[in-house]
1. Go through GLU117, GLU77, GLU100, GLU84 for me and flag whichever is acidic (Asp, Glu), under 25 Å from SER140 (Cα atoms), surrounded by fewer than 16 Cβ atoms within 10 Å (Cβ to Cβ) and modelled with pLDDT of 95 or more.
2. Taking the criterion of being free of Cβ contacts under 8 Å to residues at least 24 places away in the same chain and surrounded by fewer than 24 Cβ atoms within 10 Å (Cβ to Cβ), would at least one residue in segment 55-63 satisfy it?
3. Can you confirm whether LEU41 is part of a loop (DSSP other than H, G, I, E, B), without any contact (Cβ under 8 Å) to a residue 60 or more places away in the chain and surrounded by fewer than 21 Cβ atoms within 10 Å (Cβ to Cβ)?
4. So in segment 97-123, with the set limited to residues that are touching a helix residue (DSSP H, G or I) at 6+ places or on another chain (Cβ under 6 Å) and either acidic (Asp, Glu) or assigned to a helix (DSSP H, G or I) (or both), which one is farthest from GLY185 (Cα to Cα)?
5. For segment 130-148, which residues satisfy the criterion of being more than 16 Å from the chain's Cα centre (by Cα) and assigned to a loop (DSSP other than H, G, I, E, B)?
6. Does segment 149-159 hold any residues that are more than 14 Å from the chain's Cα centre (by Cα) and either closer than 24 Å to ASP26 by Cβ or at pLDDT 95 or above (or both), and which are they?
7. Here are the criteria: (1) of a type in the set (Gly, Ala, Ser); (2) in contact (Cβ under 8 Å) with a residue 40 or more places away in the chain; (3) not in a strand (DSSP E or B). Tell me which single one SER151 does not satisfy.
8. Checking ILE171 against (1) under 17 Å from the mean Cα position of the chain (by Cα); (2) surrounded by 15 or more Cβ atoms within 10 Å (Cβ to Cβ), only one condition comes out false. Which one?
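The values are calculated or read from the model by the stated rules, or taken from the named source; none is laboratory data. Note that this is a predicted model, so its numbers are computed, not measured. So basically every Cβ, Gly included, is an ideal-geometry build from the backbone, and we count neighbours across all protein chains shown.
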Amino acid sequence: MRIISGKLKNKKIFLPTNKTTRPLKDIVRESIFNIIEHSNLIERKILNSSVLDLYSGSGSFGLECLSRGASKVLFCENYSPAFEVLKKNIVYLDLNNQIELSNEKVLKFIKRLKINERKYDIIFMDPPYKQSEIIELLNSIFEKKILKQNSLLILHRNKKTKDEFPSNFQILEERTYGSSKIYFGKF
């Protein structure tokens, strides 16, 4: 796996060796960034954005954001083998000064935030496909007011997953790539 574009273009990204972590394929990641940059439905772009990468795995989404000019990324990953690979990628790419790390469960991380404590332009969520607390997580994100105005939330799911979303979550765009379904939305 590699960084697709930007100042770190073609730099290698290390991946966990086990099969528990499901990395976002290069082609899907590239499509996501093309939609962010070129869709008229999406106001928020990557340049100078603050990004929250939830269920980060090896960090491929957030690292790509930094390569493309995001100002900072907070990675949240609680699975230890993936977290160790994420730290290795950050050191290898020399990005320590633009990054924060959290090694706790995503829902716990969001729930412990105070209202308006942190604000993000883009939130990317790549939970395990069997994750069933999507509504609770989206509601917590909304209640904690961690998204800035005109922000973007991107959710990666299996195309067969039947998720329900809160009524205040507006889906701007929905795309399917192989077994992946990507939702672009906002509150």
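1. Details: GLU117 fails: modelled with pLDDT of 95 or more; GLU77 fails: surrounded by fewer than 16 Cβ atoms within 10 Å (Cβ to Cβ); GLU84 fails: under 25 Å from SER140 (Cα atoms).
Sole residue among the options that is acidic (Asp, Glu), under 25 Å from SER140 (Cα atoms), surrounded by fewer than 16 Cβ atoms within 10 Å (Cβ to Cβ) and modelled with pLDDT of 95 or more: GLU100.
2. Going through segment 55-63, the residues free of Cβ contacts under 8 Å to residues at least 24 places away in the same chain turn out to be none.
There is no residue in segment 55-63 that is free of Cβ contacts under 8 Å to residues at least 24 places away in the same chain and surrounded by fewer than 24 Cβ atoms within 10 Å (Cβ to Cβ).
3. Values: part of a loop (DSSP other than H, G, I, E, B): yes; without any contact (Cβ under 8 Å) to a residue 60 or more places away in the chain: no; surrounded by fewer than 21 Cβ atoms within 10 Å (Cβ to Cβ): yes.
Against the criterion (part of a loop (DSSP other than H, G, I, E, B), without any contact (Cβ under 8 Å) to a residue 60 or more places away in the chain and surrounded by fewer than 21 Cβ atoms within 10 Å (Cβ to Cβ)), LEU41 does not qualify.
4. In the first step, residues of segment 97-123 are kept if they are touching a helix residue (DSSP H, G or I) at 6+ places or on another chain (Cβ under 6 Å); the result is 98-99, 102-103, 107, 110-111.
Still in the running and either acidic (Asp, Glu) or assigned to a helix (DSSP H, G or I) (or both): 98, 107, 110-111.
Details: GLN98: 25, LEU107: 19, ILE110: 18, LYS111: 21 Å.
Restricting to residues being touching a helix residue (DSSP H, G or I) at 6+ places or on another chain (Cβ under 6 Å) and either acidic (Asp, Glu) or assigned to a helix (DSSP H, G or I) (or both), the top hit is GLN98.
5. LYS130, SER132, GLU133, LYS144, LYS145 - these are the residues of segment 130-148 that are more than 16 Å from the chain's Cα centre (by Cα) and assigned to a loop (DSSP other than H, G, I, E, B).
6. Going through segment 149-159, the residues more than 14 Å from the chain's Cα centre (by Cα) turn out to be 149-150, 158-159.
ASN158, LYS159 - these are the residues of segment 149-159 that are more than 14 Å from the chain's Cα centre (by Cα) and either closer than 24 Å to ASP26 by Cβ or at pLDDT 95 or above (or both).
7. (3)
8. (2)
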